[in-house]
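Please read the structure below before turning to the comments.
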Amino acid sequence: MRIGLIDVDGGSQVKKQFGAHAYPNLALCKIAAHHKAKGDEVEWYDPMFSGHMDRVYMSKIFNFSPDYPYSIDADEVIRGGTGYDIHSELEQQIDDTQPDFSIYPGVPKDTSYGFLTRGCPRKCPWCVVPKKEGAIRPYWDIDRVANGHKKVILMDNNILAAGDYCRQQLQKIIDRGYIVDFNQALDARLVTDEYAALLAKMHWLDHNRIRFGCDTTAQIDQCERAISMIEGYGFRGEFFLYTMIGGGKNDLQECYNRIHHWWLRNHEVRRTKQRCHVYPHAQPYRDPNSPNHIIPQWQKDMAGWCNKRMLFETFDFKDFKPRKGFCCSTYFD
């Protein structure tokens, strides 16, 4: 069979060929491996050059991504992913397959990607994971995810909620010497003294960085608590905080106060050099039930300032001038 793949969120085929994709689409990597094992021919679908296909798989993760705009010459087209259907799943035999990351030439050859757990007990209004995957549960062991590699990007949504399984996996990561990144962030509210000790011992990718979420004012204290505990066990890297802005009760002032807390803290850290730096990463709210949700300009500007480290380190959001003749202090007048 001739099998075509389309990563709807990933952009043009040029980006895929030259590795501009930040993370590989895990479902498509598993589909590719499954069909290659059967002797099928697998390639990225190109409407200009691929010709007729027996089957084309389309994967779309985000409901706000534009759909694939070209016609597809295939006997069968299979659309999957949360962007098409929140309840879509891979067939079990495909889901059990080791992914083939080679279909993304830009993905480092010494790195694996995957999940130790699926699901999450939280019910954050902007997140579809609990609705799609249900409660937290074990998925793959770290050795199976790593598949012979030392570097592992883990995409778990809330590994710390997995109790004994989490402790077992974190300890195995330490014992095996894996270098990891939980790229969807950890839940600071669940950090115990035991977890803090384990996290401080682990080897971290991406500038020795641990990620947490800080999406509400109440989470500031929880993040401070978790950070202090981990620092107390000797961790000397940096912390990265996914920070939702907008949505629900998170208005301009609340979001500014939350990010400004970490801005002030970093200024103190630079002065005293006694603690780790903490960098928030502003993520404008997107309504999961509204693909046409419009992001307000203040959220775009706040993210534009916060997420460029040089700007964040230099001046406060109120002094940011994203456009000629406009200063963000105007938002507070």
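Take the conditions (1) at pLDDT below 90; (2) closer than 22 Å to Asp95 by Cβ; Gly19 misses just one of them, which is (2). Among (1) closer than 21 Å to Val129 by Cβ; (2) free of Cβ contacts under 8 Å to residues at least 60 places away in the same chain, which single condition is Leu198 missing? Unmet for Leu198, out of (1) closer than 21 Å to Val129 by Cβ; (2) free of Cβ contacts under 8 Å to residues at least 60 places away in the same chain: (1). Would the range 316-328 turn up any residue that is in contact with a Ser or Thr (Cβ under 8 Å, 6 or more places away or on another chain), on the phi < 0 side of the Ramachandran plot and either surrounded by 18 or more Cβ atoms within 10 Å (Cβ to Cβ) or not polar (S, T, N, Q) (or both)? Yes: the range 316-328 contains one or more residues that are in contact with a Ser or Thr (Cβ under 8 Å, 6 or more places away or on another chain), on the phi < 0 side of the Ramachandran plot and either surrounded by 18 or more Cβ atoms within 10 Å (Cβ to Cβ) or not polar (S, T, N, Q) (or both).
Pro121 fulfils the conditions (1) over 24 Å from Asp215 (Cβ atoms); (2) more than 17 Å from the chain's Cα centre (by Cα) except for a single criterion, (1). For the range 148-166, residues that are outside any strand (DSSP E or B) and surrounded by 14 or more Cβ atoms within 10 Å (Cβ to Cβ) total 12.
Anything in the range 107-134 that is farther than 15 Å from Ala185 by Cα, surrounded by 14 or more Cβ atoms within 10 Å (Cβ to Cβ) and of a type in the set (Gly, Ala, Ser)? List them, or say none. Ser112 - this is the single residue of the range 107-134 that is farther than 15 Å from Ala185 by Cα, surrounded by 14 or more Cβ atoms within 10 Å (Cβ to Cβ) and of a type in the set (Gly, Ala, Ser).
Flag set for Asp301, criterion: among the acidic types (Asp, Glu), buried (at least 17 other Cβ atoms within 10 Å of the Cβ) and out of contact with any Phe, Trp or Tyr (no Cβ under 6 Å at 6 or more places or on another chain). Considering (1) among the small types (Gly, Ala, Ser); (2) farther than 25 Å from Asp333 by Cα; (3) out of contact with any Asp or Glu (no Cβ under 9 Å at 6 or more places or on another chain), the lone condition that Gly248 does not fulfil carries the number (2).
The residue list Ile227, Ile174, Ile210 contains one member that is assigned to a helix (DSSP H, G or I), of a type in the set (Val, Ile, Thr), closer than 24 Å to Arg258 by Cα and modelled with pLDDT of 95 or more, which is Ile227. Of all the residues that make up the range 205-222, how many are in contact (Cβ under 8 Å) with a residue 40 or more places away in the chain and in contact with a helix residue (DSSP H, G or I) (Cβ under 7 Å, 6 or more places away or on another chain)? Selection size over the range 205-222: 3.
The values are calculated or read from the model by the stated rules, or taken from the named source; none is laboratory data. The model shown is predicted, which means the values in this text are computed figures rather than measured ones. We place every Cβ from the backbone using ideal geometry, glycine too, and count neighbours over all the protein chains shown.
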